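Just so it is clear, none of the values below were taken in a lab; they were calculated from the coordinates. These numbers were taken from a predicted model, which means no experiment stands behind them. With ideal geometry, Cβ positions are generated from the backbone for all residues, glycine too; neighbour counts draw on all protein chains shown.
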There are 2 protein chains.
Amino acid sequence: MTYCVGMLLNKGLVFMSDTRTNAGIDNISTFKKMFTWSVPGERVITIMTAGNLATTQALVSTLDERSKAPDQRKPSLLEAPSMFQVATIVGETLREIIKNQKDEGQQASSTFNATIIIGGQINGSEPRLFMVYPEGNFIESSEDTPFFQVGETKYGKPILLRAYNPDMSFEEATKLLLVSFDSTIKANLSVDLPLDLQCYEKNSFELKYQTRITKDNPYYQSVSSGWGNALKAAFDELEDFNF
Amino acid sequence: MTYCVGMLLNKGLVFMSDTRTNAGIDNISTFKKMFTWSVPGERVITIMTAGNLATTQALVSTLDERSKAPDQRKPSLLEAPSMFQVATIVGETLREIIKNQKDEGQQASSTFNATIIIGGQINGSEPRLFMVYPEGNFIESSEDTPFFQVGETKYGKPILLRAYNPDMSFEEATKLLLVSFDSTIKANLSVDLPLDLQCYEKNSFELKYQTRITKDNPYYQSVSSGWGNALKAAFDELEDFNF
């Protein structure tokens, strides 16, 4: 499995992804699931991937090759005039890769599927956040649904629904994502640290902050243990049921 | 979908189940999923059902008919000498019903499946809690895993993992279950109120408390709104990330 969240804030975009991949519970590995393309001062584009690792690696390599030799290929991520066009390129490339893998060799429903979160900003328009389906079509976030999750989405969703606020700082948003990831990691073995974190400040056209959070990160440890205690304290403060 | 939780406490057993059933998102109904058989002073047995409604209704009706005319049938729930035997009867009956439905007419993988939580106490032994699979086999709760969930289990699990305590009172346990159900109801349309609640006090051999909690229940409303605020307060108290 996988867990990735992309979040649209008034201040910009925040992305977090885990790094665990597994082929069965007895075959786990660590792979990066967050990738960025940028032209400093002009555009920053980040994608996060969930699903079949061969598919997502093929997608990232294809996008990357095309962005390096744009003359010979389709429009690249670095030349697309809008984030909508970026999402279209990613969706078409993804559909093409899944189709190629499905047409040749073994057939297995959904085996080669992948789902992608794309966020970024191109100079001249606002930051935008999309989720791309294996079919190549996609949806965009909005005020009503300002974040997307892919992979193991359920355990970490209640806290996102309840504590998200579009005016959050990057520091608060990182805390929120760590709480959401920690709940997921505690419940599903196929999601695990290290976590990749990226914050993009609106109109900066460069990455404000990116880092990898490992198991021994003191802040992660304090959130992981502190959140359990904070939850218990919050729970104790609620009035008990009265028979 | 469905959401049911059975919980083993030092004081006894607590059960909560929702009542929403659906055949597609455009066809929802309300059905009870919690059923009790008892011999006052001697045994109390509660089961909660998740899965195909025709299967679970057939299971409950079959168990009920057999308990009313035990002479002509297999050992009934009211005569089984132990909770282990009760779980065995339920598992065998369930497997038989699923097999009958599968053998005749249309074939569809897992369509007729159901999963059951059984808890109760028979005089002479401790309260016990089981989860029965569609295959008819079952597992028993233990100190390490003192509760079982069936149906939409993920949204409501983090708070159970973090706030459960075997020494809880029934009042606290009810509060915990309501928080867990509220998170699930807020995230999955196929789980909804009214909720059925039952508390069984160890060695009492009668139901201490049972009720139905509806949408307009003031305590449910206070938990539902209060928990959102308590979560936000707990979240705010955690130290922010520092870039």
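Within region A:192-232, which residues have the backbone N less than 18 Å from the label spot 7 Å out from A:K32 along Cα→beta-carbon, could you tell me?
So the set is A:192-200, A:206-215.
Please list 3J(HN,Hα) in residue order for region B:115-123, calculated via the Karplus relation 6.51 cos²θ - 1.76 cosθ + 1.60 where θ = phi - 60°; whole Hz, with x for glycine and proline.
Those phi angles translate into 10, 10, 9, 10, x, x, 9, 10, 3 Hz.
Evaluate the charge dipole of the protein assembly as shown about its Cα centre and quote only its size in Debye, nearest 20, assuming +1 on the Cβ of each Lys and Arg and -1 on the Cβ of each Asp and Glu.
600 debye
Picking from A:I118, A:I25, A:I139, which is most flexible by a Gaussian network model of chain A using Cα springs under 10 Å?
Result for chain A, Cα springs under 10 Å: A:I25 fluctuates most.
Loop-only GluC sites (Glu not before Pro) in region B:86-177, please: DSSP not H, G, I, E or B, and at most 15 other Cβ atoms within 10 Å. Kindly include the intermediate steps, with their values, before the conclusion.
Numbers: sites: B:E92, B:E96, B:E104, B:E135, B:E140, B:E143, B:E152, B:E171, B:E172; in loops: B:E104, B:E135, B:E143, B:E152.
Filter output for region B:86-177: B:E104, B:E135, B:E143.
Using only the Cα atoms of the protein assembly as shown, what semi-axes does the equivalent ellipsoid have when each is the square root of 5 times a gyration tensor eigenvalue? Give whole Å, largest first.
Semi-axis lengths for the protein assembly as shown are 47, 27, 18 Å.
Taking Cα pairs under 8 Å and at least six residues apart, what relative contact order does region A:1-45 come out at, in percent?
25 percent
Which ³J(HN,Hα) values in Hz, rounded to whole numbers, follow from the phi angles of region B:126-142 under the Karplus curve 6.51 cos²θ - 1.76 cosθ + 1.60, where θ = phi - 60° and Gly and Pro get x?
6, x, 9, 9, 10, 10, 9, 8, x, 6, x, 7, 7, 10, 10, 5, 8
At A:N137, with labels set 7 Å past Cα in the Cβ direction, how many nm apart are the copies from this one, shortest first?
4.2
Other chains near A:154-167: what is the mean number of their Cβ atoms within 10 Å of each residue's Cβ?
Numbers: counts 11, 7, 3, 6, 15, 6, 0, 6, 9, 6, 0, 1, 0, 0.
That works out to 5 on average.
Shielding by partners for B:169-177, please: the mean number of other protein chain Cβ atoms within 10 Å of each residue's Cβ.
4
Which ³J(HN,Hα) values in Hz, rounded to whole numbers, follow from the phi angles of region B:146-153 under the Karplus curve 6.51 cos²θ - 1.76 cosθ + 1.60, where θ = phi - 60° and Gly and Pro get x?
x, 9, 10, 10, 10, x, 7, 8
With the Cα gyration tensor of region A:158-220 giving a ≥ b ≥ c as the square roots of its eigenvalues, does the rule (a/c under 1.5 for rounded; else a/b larger than b/c for prolate; else oblate) give rounded, prolate or oblate? Mind dumping the intermediate values first?
Numbers: a/c = 2.37, a/b = 1.35, b/c = 1.75.
Judged from the Cα gyration tensor, region A:158-220 comes out oblate (a/c at least 1.5, b/c at or above a/b).
Amide H to amide H, which residues 5 or more places from A:N113 or on other chains are under 5 Å from it, using H placed in the peptide plane?
For A:N113, whose amide H was placed from the backbone, the distant partners under 5 Å are A:N52.
Taking B:D236 in one copy and the same position in all the others, each labelled 7 Å out along Cα→Cβ, what are the pairwise distances from the first, in nm, shortest first?
Distances to the matching label points in the other copies: 2.0 nm.
Using helices alone, what [θ] at 222 nm do you get for the protein assembly as shown, with -39,500 (n - 2.57) per DSSP H run of 4 or more residues, divided over all residues and rounded to the nearest 500?
Values: 10 runs with 164 residues, N = 486.
For the protein assembly as shown, the value works out to -11000 deg cm²/dmol.
Quick one: plug the Kirkwood hydrodynamic radius of region B:102-232 (C-alpha pairs) into Stokes-Einstein at 20 °C, 1.002 mPa s, and report D in µm²/s.
Approximately 127 µm²/s, per Stokes-Einstein.
Please return the longest range in chain A lying between exposed loop sites, taking trypsin sites (Lys or Arg not before Pro), DSSP loop only, at most 16 other beta-carbon atoms within 10 Å, and leaving the sites out.
A:74-201
Which of the listed residues, B:F243, B:S61, B:S38, is farthest toward the dipole's positive end in chain B, when Lys, Arg count +1 and Asp, Glu count -1 at the beta-carbon?
The Cα lying farthest towards the positive end belongs to B:S61.
Taking only Cα atoms, what is the 0 to 90° angle, nearest 10, from helix A:83-103's long axis to the longest principal axis of chain A?
So the inclination is approximately 80 degrees.
Calculate how steeply helix A:170-187 sits against the longest principal axis of the alpha-carbon atoms of chain A, using the helix alpha-carbon long axis, and give the answer as 0 to 90 degrees to the nearest 10.
In chain A, helix A:170-187 runs at an angle near 80 degrees to the longest axis.
For B:K175, list the aspartates and glutamates whose Cα falls under 18 Å from its own Cα; do not include residues on the same chain fewer than 8 positions away.
The reachable aspartates and glutamates, counting only those whose Cα sits under 18 Å from B:K175, are A:D236, A:E237, A:E239, A:D240, B:D18, B:D167, B:D192, B:D196, B:E201, B:D216.
Compute a Gaussian network model of chain A, connecting alpha carbons closer than 10 Å, and tell me which residue from A:A54, A:A230, A:A187 fluctuates the most.
A:A230
Any idea what the relative contact order of region B:3-237 is, in percent, if you count C-alpha pairs under 8 Å spaced at least 6 apart?
28 percent
Going by the alpha-carbon gyration tensor, a ≥ b ≥ c the square roots of its eigenvalues, is region A:3-236 rounded (a/c under 1.5) or, if a/c is not under 1.5, prolate (a/b greater than b/c) versus oblate? Can you show the working numbers first?
On the way: a/c = 1.98, a/b = 1.28, b/c = 1.55.
Note, shape of region A:3-236 comes out oblate.
Per residue of A:222-232, what is the mean number of Cβ atoms on other protein chains within 10 angstrom of that residue's Cβ?
The per-residue average across the peptide is 4.
Please name whichever of B:F170, A:A173, A:L197 sits farthest to the positive end of the charge dipole of the protein assembly as shown, dipole taken about the Cα centre and charges placed at Cβ: Lys and Arg +1, Asp and Glu -1.
So the residue furthest toward the plus end is A:L197.
With the label 7 angstrom out along Cα to Cβ, how close does A:T36 come to the same site in each of the other copies, in nm, nearest first?
From this label point to the equivalent ones elsewhere in the assembly: 5.9 nm.
For the pair B:Y209 and B:N100, how long in nm is the line joining their label points, each one 7 Å along Cα→Cβ?
Calculated label separation equals 3.8 nm.
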